[in-house]
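Remarks on the structure that follows.
Just so it is clear, none of the values below were taken in a lab; they were calculated from the coordinates. All values derive from a computational prediction rather than experimental measurement. Neighbour counts are summed over all protein chains in view; Cβ atoms, including those assigned to glycine, are modelled from backbone coordinates with ideal geometry.
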Amino acid sequence: MVEVNAGPGFRMHLSPTHGECRDVGRPVIDMLFPDSESIGRIPIAAVTGTNGKTTTVRLLSHLLRQAGRNVGMACTGAIEIDNHVILRGDYSGPHAAEIVLREPTVECAVLEVARGGIMRRGLGFDECDVGVLLNIASDHLGEHDIHTLDELARCKTVVIDAVRQGGTAVLNADDPRVLEGQQWARGEIIFFTLDPNSRPVRQHVHEQGVALPSITSAS
C-alpha cells in the first residue's frame, strides 16, 4: 500500500520535534518555477518576405520532419501538426502562431509571417530562433497603409528584430533592402544568393560570416 499525499505539510521539516529544521520550501519552488527561460519553449523559425514564404515554410517543415521532429507549421494554405492538416485557409498571422504554439506535442514551429498580420496584431511570439527575410517587392503596396518599399522593409524586418540573442537571421544578399535588415540582427547572420559573384556575400565570408552559395545547373 502506498499513500500519495497531494498536499504535503512542511511543518515537520520546518519545525521538527527533534533534529534540525530544513528549508524544503525552496527546492519545491525551484522545481515549480525554474529560472531557465528555455523551459516551456520550442525552437521557432519565422519566414517573411514578399514572395516565396509558403514554399520556404513547407520546405523547412519537410526537412525537420525528415530529421524526426514533430513540426507545427502555419502558412497561407493551412495549419499542419506533424504533417496532418488541422485547419485550412490563410494562417500566416499571429493567431496561427498561437494555435501552433499551444499544441503540446509540437517540438518545433515553422511559421509564415505576412505583412497584414504584423500590421494588425504584430507577431504571435516574443522571439524566434531563426528569422528568414526573403525579399522586398512592390506586390500589394497600398494595403495596410504601406505605400513604399522602404515602409514595407521596415515592417518585414520586425521578424529579424525578434530573433533571440544567439539565434540566426537568414537574409537574401541580392536584395539591398533585405541586407539593411542585418543591423537589427542580434545573433548569427547567414546570407543566401543567386549571384556567384555577390560582393556582399564575398565580404561577409571574408569577415568569417556564413553564406549559402548560388546553385547553378551544369552546362
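What the table below lists for this structure:
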{"read-out": "Overall Cα dimensions of the chain, principal axis frame, Å, largest first", "value": "84, 43, 40"}
{"read-out": "Cα Rg, Dmax (largest Cα-Cα span) when computed across region 113-157, Å", "value": "10.8, 31"}
{"read-out": "The chain, dipole about Cα centre (Lys/Arg Cβ +1, Asp/Glu Cβ -1), debye to the nearest 20", "value": "180 debye"}
{"read-out": "Structure-based [θ]222 nm, the chain - -39500 (n - 2.57) summed over DSSP H runs of at least 4, per residue, nearest 500", "value": "-7500 deg cm²/dmol"}
{"read-out": "Estimated dipole of region 90-197 in Debye, rounded to 20 [Cβ of Lys and Arg +1, of Asp and Glu -1, Cα centre]", "value": "220 debye"}
{"read-out": "Approximate spin-label separation Glu20-Glu107, in nm, with each point projected 7 Å along Cα-to-Cβ", "value": "4.5 nm"}
{"read-out": "Around Thr48: net Lys/Arg minus Asp/Glu count, Cβ-Cβ under 10 Å", "value": "+2"}
